[in-house]
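To keep things clear, I will list the structure first and then write my remarks on it.
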Amino acid sequence: MNNKQLFLLGITAILLASPAMAQTQQTSSRATVNLDTVLLNTDPVPVQSGEDAQITFKVVHRGSVEAQDVQVTVQDSFPFELEPDEQRTYDLGTVTPGEEYYITTNVLVADNAPDGESNLQAEIQTQSDVSITRNVPVNVQSSDVDLSLANLQTSPATLMPDTEDNQMTVELVNQGEKTAENVVLNLDFPDVFEERSSFSSRQSLGNLPAGETKSATFNFDISENATSGEIEVPGAVSYSTGDDAGTIEKEVSFSTYLEGKPQYEVVSMSSDLTVAGSGTITAEIENTGSVESSSTRIRLLDNSDLPFSFDSSSEYIGTLEPGQTGTAVFQVDAESGATAKDYLLDFELRGTHGTEVFVEDTTLQVDVSASSSSSSGIPLQYAGLGVLIVLGGAAFLFRERLGL
């Protein structure tokens, strides 16, 4: 075979192979697997160096054929390190074109993470043992601002249930190297911390330069239903740094202690008072607080406008444990000018716990009944005079009959 024949044979082979090669290339371009990652959001925004962060991204199939046995592994990659108990590998199974899967992971951002974008890496594997690593770009802010709470103080020093005009002051310290701008401290007080006219759980502190401290003061009442013990107060501080990162929010919290105290309630009251008579007022008192009350006493407050006098206006009850009751009995004289009706009497309840004295006031209704001797409507002195007149008349008639 000469050179000319060989040349013609080669050209023929190329022409015959070209349609098959073109068809193979066209089929290959259509049948693709293309798994990509897209960042959805972070918490906080941006994430902070040296802090925990939550990152959510999606895996999306941009190809044209199914991807089978898809497995995604989130990797430790500076400056991100997955938290110890965090899930690392996600089995997605078969992923069809256009299908999306959402993955949320919690990471610790390194202390020396630089400002700007850093990549969280996700390795994607398929049935064909093809592996590719995708980058999820995450915006990181270096901790040039480091805000923390310090030096909690309360007034009074001991917080107790059923008290008013309490005050809490907490300091916010910037231990970073950059000014925190537009700082706002927002605390989530428990429901037992009741609102006053001056109460606000949100304090705007303005700008806080590096190394400086500002105080935030909160005023509140404490409900009588508050229980003693440690109370956790969560909150958040928000600020900006003047960069394009926007507003940054950081969770904060502190705890304070609510001291128990004795509290008093008159659970029953009875009386047998009558007009112009002597009787008793009986009161049963319960310690509704969380600690014992020593030297417990109840005093009936004198009121010159009321028609009563007492042998003793104060009655001693003694020690009352929480939930325990005691009884006090007052000996009372109702004056003759008293009216049969209900009267409102003021009482003072007093006790001690340790070195502190606790006092509560209450007003109770006491019934005064009409006396049996006055029920006819004739005063006693006139009734006695009438008896003398009747006896005198009988004696006169008797003498007339005898002719004396």
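Near L159, the amide H atoms lying under 5 Å from its own belong to E259; only residues 5 or more places off or on other chains count, and H is placed 1.01 Å from N. Packing, taken as the mean count of other beta carbons within 10 Å per residue, orders the peptides 339-347, 105-113 from highest to lowest as 105-113, 339-347. Sorting E249, E284, E348 by accessible area puts them as E249, E284, E348; the probe is 1.4 Å, largest comes first, and only protein heavy atoms count. Spin-label pair D346-E265: with each label point 7 Å from Cα along the Cα-Cβ axis, the two points sit 2.4 nm from one another. Of the peptides 327-334, 156-163, the order by per-residue mean of other Cβ atoms within 10 Å, starting with the highest, comes out as 327-334, 156-163. Derived scalar couplings between HN and Hα for the range 68-73 equal 9, 6, 6, 10, 10, 10 Hz in order, rounded to whole Hz, by the Karplus curve 6.51 cos²θ - 1.76 cosθ + 1.60 (θ = phi - 60°), x for Gly and Pro. Rolling a 1.4 Å probe across all protein chains gives K58 an accessible area of roughly 40 Å².
Only protein atoms count toward the accessible area here, which uses a 1.4 Å probe; on the range 62-168, the carbon and sulfur part of that area reaches 39 percent. Charge dipole of the range 26-84 (Cα centre as origin; +1 on each Lys and Arg Cβ, -1 on each Asp and Glu Cβ, all else neutral): 520 debye, rounded to the nearest 20. The residues of the range 177-335 expose on average 50 square angstrom of accessible surface per residue, using a 1.4 Å probe on protein heavy atoms.
Charging the Cβ of each Asp and Glu at -1 and of each Lys and Arg at +1, and nothing else, the dipole of the range 242-326 about its Cα centre rounds to 380 debye.
For the range 279-381, with all protein chains present and a 1.4 Å probe, just round the carbon and sulfur fraction of the accessible area to a whole percent. After summing per-atom areas, the C and S share lands at 43 percent.
The values are calculated or read from the model by the stated rules, or taken from the named source; none is laboratory data. Given the structure is predicted, the values throughout are model-derived calculations rather than measurements. Note that each Cβ is placed from the backbone with ideal geometry, even for glycine, and that neighbours are counted across all protein chains shown. These area figures cover heavy atoms from the full protein model, side chains too; ligands, DNA and RNA do not enter into them. Shrake-Rupley method; radii C 1.70, N 1.55, O 1.52, S 1.80 Å.
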